[in-house]
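Please read the structure below before turning to the comments.
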Amino acid sequence: MKTAPFAKLLAPLLGLALLAGCNKSEDPGKPAAASPATSYLETIKARDKLIVGVFTDKPPFGFVDEGGRYVGFDTDIGRRFAKDLLGDESKVEFVAVEPASRIPFLQSDKVDLILANMTVTPERKEAVDFTNPNLRVAVQAIVADGSPVQKLDDLADKTIIVTTGTTADIWLTKNHPDWKLLKFEKNTESLAALANGRGDAYAQDNLILFSWAKQNPGYRVLPQLLGDEAPIAPAVKKGNTELRDWVNSELAKLGEEKFLLKLYDQYVRKELSDDTKPESVIVEGGKWQG
Amino acid sequence: MASSGIELLLVSLPQLATGAGQTLAISALGILFATLGGVLYGVLATLGSRWLNILLQVYLELFRAIPVLVWLYLVFFGLPIFFGLSIPSFWCAVLVLGLWGASEVGEVVRGALQSLPRGQREAGLSIGLGGWQLYGYVLLPQALKRMTPPTINIYTRIIKTSSLAVLIGVVEVIKAGQQIIERTYESVLIYGALFLFFFLVCYPLSAASRVLERRWAHA
């Protein structure tokens, strides 16, 4: 293996090249597609097609129906954008994205817009531009109906189940280091542990809890939030203020006709318990009230 | 849900078939380029040119050291960022699988050519055969026997590796299966169908390789 050291040398070099590329791509205006000279919206109109990155296996936000059609809460927003921008909701091309490929798809100009349930975080804000939000997510805790726990502080001397590395895990470890946590690697394992009574409560993103409580009667979600609510928003390439502003005005317009509520009724409502308020999940008009 | 299992499979069939079509198309084109490129690599590597060999070695080590997944990312996302060159996801998958396969097949071809007795090359040259004739009539036909079984093994790896294309947006057969599972929760049924698909594609290949190996062993 006389070539092995050579190969070892090359791999990190290429890694560096990739990293250098990441930094470079944050410099707006460099790639041809988003240059300020030609309007980005005109570019989309000239191609007569809006290209949107969506999830294709995350119901109810983006999935494939029995007819093989891409549908869902996020996906249908993309269709509506195409209708309002290009006059026809079929003038949209959906690209199947994965959680880890969402940002590269924007950075490399492969898509105009990502509509794939992306939570706004400070780190991601460095890499892409978020529009106003269309959804919200918060961490809450679920307990059995018969549990004496009424508010968050009642959990101080109880066992709380968390999934390792989630927002709930991080928040509890930081803010209540003395509370007893029972950690599992996967959300499904944590839910099974809760059902088997191995802990008194399970703290997790509230949509997961709402959905699980709907399918498993006998549990209630504590109204108190663990930490702040986080917005979920569409994203455009860093520096593409033109498209971002258009999406923001479009979200405001759709808010007036309660379009997101319609999509919520169509896709999301049946997943959640009957007493879930739509406002605890969707953000109409892009108006964020944190 | 026993009776609806068959029903679900029937409903899902067009969607799975579309994904299977993508998998087969990418694999077939990838295999084609891997074979053509591999033979070219093998011939070039046995010409005895020092500089050519260094170049081929760099190419080989780049594909040996860097995972196919990273190559997919580099070509699909890296080229547009660095050079403004955007390749559609399907052709990007074909290109990367083809280049990766060519480096693997190329080493097999090189090994097979070098394993031939030196006398074959010398005899060919001594009766006045040119380069093309030497390789086309003497060396490659004899090397074919030695390189076929390991090459078919590479083909099945190309087919299975094509599923990585999902990360650059190609909805191949496994992704199509996952889309159906997330809608229906019928994971055992769908993964069973995927198992069957890959088995039916790859098994005949390895069976053919074994038959050829046995036949040529007696030739």
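Rule-based calculations on the coordinates, nothing more; no lab input. This one's a predicted model, so the numbers in the text were calculated from it and none came from an experiment.
For segment B:2-218, the relative contact order comes to 30 percent (Cα pairs under 8 Å, sequence separation of at least 6). Lys-Lys pairs in segment A:143-217 that are eight or more residues apart or on separate chains and whose Cα atoms lie under 18 Å of each other come to 5.
Of the cross-linked pairs A:Lys237/A:Lys270; A:Lys83/A:Lys258; A:Lys237/A:Lys277; A:Lys45/A:Lys287; A:Lys91/A:Lys253; A:Lys83/A:Lys110, those separated by over 22 Å at the C-alpha level are A:Lys237/A:Lys270; A:Lys237/A:Lys277; A:Lys45/A:Lys287.
For chain A, what does the relative contact order come out to in percent, with C-alpha contacts under 8 Å and a separation of six or more? Write out the running numbers ahead of the final one.
Details: 489 pairs, mean separation 65.3, N = 290.
Reported relative contact order: 23 percent.
Per DSSP H run of n ≥ 4, the term is -39500 (n - 2.57); total these for chain A, divide by its residue number, and report the mean residue ellipticity at 222 nm rounded to 500 deg cm²/dmol. Walk me through the numbers before you get to the answer.
Working: 10 runs with 105 residues, N = 290.
Calculated mean residue ellipticity at 222 nm is -11000 deg cm²/dmol.
Residues whose amide H lies under 5 Å from that of A:Asn132, counting only those 5 or more places away or on a different chain, are A:Asn248; hydrogens are built 1.01 Å from N in the peptide plane. One Cα centroid belongs to segment A:218-290, the other to segment B:59-74; the line between them spans 41 Å. Structural descriptor for segment A:139-221: relative contact order 46 percent, calculated from alpha carbon pairs under 8 angstrom and at least 6 residues apart.
Quick one: divide the alpha-carbon radius of gyration of chain A by 2.2 N^0.38 Å and tell me what you get.
On the way: Rg = 21.7 Å, N = 290, 2.2 N^0.38 = 19.0 Å.
In units of the 2.2 N^0.38 Å rule of thumb, it is 1.14.
Of the beta bridges in chain A, as assigned by DSSP with both residues counted there, near 60 percent are antiparallel.
When DSSP beta bridges are limited to those with both residues in segment A:93-205, what percentage is antiparallel, rounded to the nearest 5? Display every interim value, and only then the final one.
Values: 5 of 12 bridges.
In segment A:93-205, DSSP labels about 40 percent of beta bridges as antiparallel.
Whole Å is fine, so just give me how far the alpha carbon centre of segment B:163-219 lies from that of segment B:106-137. Using only Cα atoms to place each centre, the spacing works out to 37 Å.
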